[in-house]
Each structure stands twice: as C-alpha cells, then as structure tokens.
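Reading through the structure tokens given below for one structure.
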Amino acid sequence: MSEIRESVHGQWSSRWAFVLAATGSAVGLGNIWKFPYITGENGGGAFVLVYLVCIAIIGIPIMMAEIMLGRRGRQSPMNTMRTLALEAGSTPHWAWLGWMGVLAGFLILSYYSVIAGWALAYVFRTGIGTFDGQTADGVAHIFQSFLADPEGLLFWHTLFMVMTMLVVARGVSGGLEKAVKFLMPGLFVILLILLGYALSTDGFGEGVTFLFKPDFDALLFKVGEDGVKIWNPGPVLTALGHAFFTLSLGMGAIMIYGSYLPSNASIARTTFIIAGADTAVALLAGMVIFPIVFANGLEPSAGPGLLFQSLPLAFGHMPWGAFFGTLFFILLVFAAWSSSISLIEPAVTWLVENHGMDRLKASVVMGIACWAFGLLTVFSFNVWSDVRLLPMFETFADKSIFDLLDYLTANIMLPLGGLLIAIFAGWVMRTEATRDELDMGEGLAYRLWLALVRFVTPVAVIVVFLHAIEIINVG
Ligand code: PHE
C-alpha cells in the first residue's frame, strides 16, 4: 500500500497541485520552441502524426507507470527503484535507472537553460520595440547576431539558472506552483490571440496543411546527392524521443512529482489531463508559427531559431505587437521555468536523501555544475560552432555540441529510460501491486494499460532504436 511510505520532501496539497506541477513540467520549451522546429525539419504532417501516436500508445501508459512508481516508492528515483525492485524480489541494480535519469536531467537542463535564456532576452527585445516593422531578413539578422555573442548568451543563461535554483531551493510546492495556475491558462490565451493573427495571414492554409497533411515520403526518406531516395528512420526516432521529452518522461521528473502525490488521486485521469494539455499547447504553437513562416517566405526547416525568427515578425506587424510579444515571451519563460525545476529535482532529492545536504546546498551545488556544463551549449552557437565531439559516427558527424546533447538525451536516454520503466512496471512488479496502485479495477482499462507497457512500448522502442542505430556506422 502506498500509505505506508511518506516522502520526506513533503506532499502536494491536493491532486490539483500535482496536476498543475506536472503540467508545468510537461509544458515548456519542448512544446513551443522544439516541437515546431523539429516538425519543420522533418517534413511536417507525417512527423506530427507519428508523434501523436507515440503520445497515445507510449507516452500515456509510461506516464501512468512513472507516476505509479513514484507514488509507491516516495523517494528519489534511485531509492524508489531500489526499494520497489527489492519489494518485487528483483535486483537492487534497478537503481541505475534512477542514475541515468539524473544524468539525462542534468544534461537537458544544461542546454534548456541556454534556450530559456534566449526567451528571457526576447522579453526585453520585444518590450523595447526592436522588431517594430522589421522585415524577415531583419529579424533573422537580429537573431544571428544575438547567437554570435557568447557573453550575451552567457548572461541570460546565468540569469535563468539562478531563477531555477531559487525555486528548487525553496521546494517545488512553493510559489511557482501557485503561479502556474494563472500562467498556464495565460499562455493558452495568448496562443489563441496569436492564432487569430495567424488566421489573418495569407499563410494559414499552407501552414495548417504542412502541419496536418501527412507526407510519409518526407518523413521516411531523404534524397541523396545523386537524387536517389534513401530510407531514413531518424525522424521516427525523433518523434518518439520528443513524445518522451515533451511529457517529461523517462528520466524521473514525473516519478519524483508522483512521489508527492496523495494516495487517493486517480493516476489515469490525472495523466489524461496532463497529456491533453501538453498536446494542445504544442499543436496550437504549430498552428501559430507555420502560417507566419509561410506567409513570410521563411524556411520551415530553419532549426532551433524557428520560433525566434518567425514570431517576432508577427509582433512587429500586429496591433499592440510589442505588448503581446512581451507577454508571450514572459509566459514562455515561466513555462520553461516550471519545467527546468523538474529537470533538476531528482538530483536534488538524491543529494538530500543520500548525502545529508540541505535543500539549499543541494540546489546550489547542482545549479552551479549544470550552469558550467551549459557553457558547452553557449559556445556551440558561436566560437565552437564547428566543434564535433563524435565525428567518427555518421549520425553525429554533422552535429554541433548542442545538437549532440539534444540527440543523446531526447532520442536515446529518455526512450531508453522509458523502455526500462515499461519493463519494470509491466514485468518486474507484481500485477497485484500495479493494480492496487493504479486503482482501476480489473477491467479493460487496466488490461489495456498492462498490454501497452508489457508489449507495445518495449517492442516499439526497440524496433525504432534498432532501425535508427543501423545508420550509426563507424566510418
Ligand atoms: N517537458 C519539458 C518541455 O517540454 C522538458 C522536460 C523534459 C522537463 C524532461 C522535464 C523532464 O519543455
């Protein structure tokens, strides 16, 4: 029974506090910055479709599993995995899953903070009217010179990391969770307003077609130098990885949040709300950004700068643009903030549990380490933009440090973590235990969940991995 364990780090005041915090973790840069740009890079509709299928049949069951493990273990992911493994008569080595998650969270936060820093900088830029009446070239130029300046990026990265540490030090159920209650709906409303603007551009039809009309050729093949089509499984792995990334799965963030969840809350219903809100925000962001992209002749495949090169154009031309623009970037910063604290929370709880540190010290130690590692990303957009860390692998040969970190975490570590969570929840834990914790009765819903974590997730992740890894040739 989950009642027998209590988290030393506290508990959410209610199921709603958990829903808000977990939604705060899920909705972030992944939805508004990353989803549109990887959709643009991977050909649009078919990619979106694969992503949605991954959310439905892999993301949702894994989220339920992760919340369940967290609530049953009520400790940091390592200690939770060890406790539950021993309880199920299995090996304590399952704690390694927690370790991989901590490492993934650390690596993700190191670059996440840099990108959140871009959003911070853009709060001020839109505020002072930098984009008023700008052309597409002008906006692109402003973004490029922003990236070219390492000191500027460093400043904003530092500021964002300090903001993250401040909240984590105070405990996650403090102020930010209360703020999320207003900010999430605020973000939604401003996206709707921007959708109104997108509707008024002459790119709306094209944007929505790009987003929702599947073109499987664009997803599954790339065209080689001599014009021949080459089978390319990479984008499917990216869609799968993004399903994990956007729902904050596979690294213990949702597990640790689940460990503060009161025992009487329904895990299934809670999961649907979080996944639904997360997906809605991502699709809305796409429906805002792509019309602007097409109306202004921008490239959908522009990469990580897509958001920062398309939306400012809209803000520069719409009525009250500076106002809406500033508000939009402020809300984006908050969305990123409520995600970043969950990236570092597993590591902090572990330092508190196993090294007797207090929360403040643990947060500062992790924050500084993560900040320092983030310098790699800061420089990968300028002075080290040509540096390749793994040039001997075909898949990584053209990846900058930032791209490499993103690939290793989102495409490899998170799906691997999710795979192990599925195997643990489906095969290692006793069904009486999972049935009891999920509290769904013995009916169809429970059996469907079990079938998904036992068979569908492991098979899907392994198959996608094997295909994608085929292209990692040494050469
Ligand atoms: N889900 C967050 C986003 O979409 C990122 C994140 C990933 C947060 C993993 C926590 C854990 O921005």
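The values are calculated or read from the model by the stated rules, or taken from the named source; none is laboratory data. Since this is a predicted model, take the numbers as computed values, not measurements. Quick reminder, even Gly has a Cβ in these numbers, built from the backbone with ideal geometry, and neighbours come from all protein chains shown. When the accessible area is computed, the model is the full protein with side chains, heavy atoms only, and any ligands, DNA or RNA have been set aside. Shrake-Rupley method; radii C 1.70, N 1.55, O 1.52, S 1.80 Å.
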What single numbered condition from (1) under 30 Å from E345 (Cβ atoms); (2) of a type in the set (V, I, T); (3) surrounded by 15 or more Cβ atoms within 10 Å (Cβ to Cβ) fails to hold for T201?
(1)
Restricted to segment 328-375 and to residues being more than 19 Å from the chain's Cα centre (by Cα) and acidic (D, E), the residue surrounded by the most Cβ atoms within 10 Å (Cβ to Cβ) is E353
Can you name the condition, by its number, that S259 falls short on among (1) buried (at least 17 other Cβ atoms within 10 Å of the Cβ); (2) under 27 Å from F328 (Cα atoms)?
(2)
Is it the case, given these coordinates, that V168 is more than 15 Å from G44 (Cα to Cα) and away from the ligand (no atom under 16 Å from the Cβ)?
no
What is the one condition in (1) within 30 Å of H317 (Cα to Cα); (2) open to solvent by less than 10 Å² (accessible area, probe 1.4 Å) that G101 does not satisfy?
(1)
I'd like the full set of residues that are under 14 Å from the mean Cα position of the chain (by Cα) and either open to solvent by 30 Å² or more (accessible area, probe 1.4 Å) or more than 22 Å from F402 (Cβ to Cβ) (or both), limited to segment 273-311.
I274, A275, A277, D278, T279, V281
Can you tell me which residue is farthest from T434 (Cα to Cα) among those in segment 252-270 that are in a helix (DSSP H, G or I) and within 14 Å of the ligand (Cβ to nearest atom)?
A253
Among (1) touching a residue at least 40 places away in the same chain (Cβ under 8 Å); (2) more than 23 Å from the chain's Cα centre (by Cα); (3) open to solvent by 30 Å² or more (accessible area, probe 1.4 Å); (4) closer than 30 Å to A460 by Cβ, the one test that F221 misses:
(1)
Scan the helices (runs of 4 or more DSSP H) fully inside segment 391-474 and keep the ones with 2 or more residues being within 21 Å of the chain's Cα centre (by Cα) and of a type in the set (D, E).
401-406
Can you say whether P304 is part of a loop (DSSP other than H, G, I, E, B), out of contact with any Asp or Glu (no Cβ under 8 Å at 6 or more places or on another chain) and closer than 29 Å to E41 by Cα, as far as the supplied structure shows?
yes
When the residues of segment 401-444 are filtered to those that are buried (at least 19 other Cβ atoms within 10 Å of the Cβ) and among the small types (G, A, S), which remaining residue is farthest from T270 (Cα to Cα)?
A410
Which one of the conditions (1) within 13 Å of the ligand (Cβ to nearest atom); (2) touching a Gly at 6+ places or on another chain (Cβ under 9 Å); (3) open to solvent by 10 Å² or more (accessible area, probe 1.4 Å) does F35 fail to meet, given that it meets all the rest?
(3)
So how many residues does segment 251-295 have that are over 23 Å from Y197 (Cβ atoms) and aliphatic (A, V, I, L, M)?
12
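Yes/no matrix, rows are residues, columns are (1) at pLDDT below 90; (2) under 30 Å from H317 (Cβ atoms):
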| position | (1), (2) |
| --- | --- |
| D149 | no, yes |
| V162 | no, no |
| L183 | yes, yes |
| L195 | no, yes |
| T201 | no, yes |
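Condition check ((1) within 13 Å of A116 (Cα to Cα); (2) away from the ligand (no atom under 13 Å from the Cβ)) across all residues:
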{"site": "G325", "(1), (2)": "no, yes"}
{"site": "I341", "(1), (2)": "yes, no"}
{"site": "E345", "(1), (2)": "no, no"}
{"site": "L351", "(1), (2)": "no, yes"}
Top-ranked residue of segment 376-390 - restricted to ones that are in a helix (DSSP H, G or I) and β-branched (V, I, T), ranked as nearest to the chain's Cα centre (by Cα)
T377
Does any residue of segment 190-201 turn out to be away from the ligand (no atom under 16 Å from the Cβ), without any contact (Cβ under 8 Å) to a residue 24 or more places away in the chain and outside any helix (DSSP H, G or I)?
no
So, first residue charged (D, E, K, R) in segment 410-430, second residue open to solvent by 20 Å² or more (accessible area, probe 1.4 Å), Cβ within less than 7 Å, six or more apart or across chains; the pairs are R430/A88
Could you check segment 72-129 and list, in sequence order, the residues that are within 12 Å of the ligand (Cβ to nearest atom) and either without any contact (Cβ under 8 Å) to a residue 60 or more places away in the chain or small (G, A, S) (or both)?
G101, A104, G105, S113, A116, A119
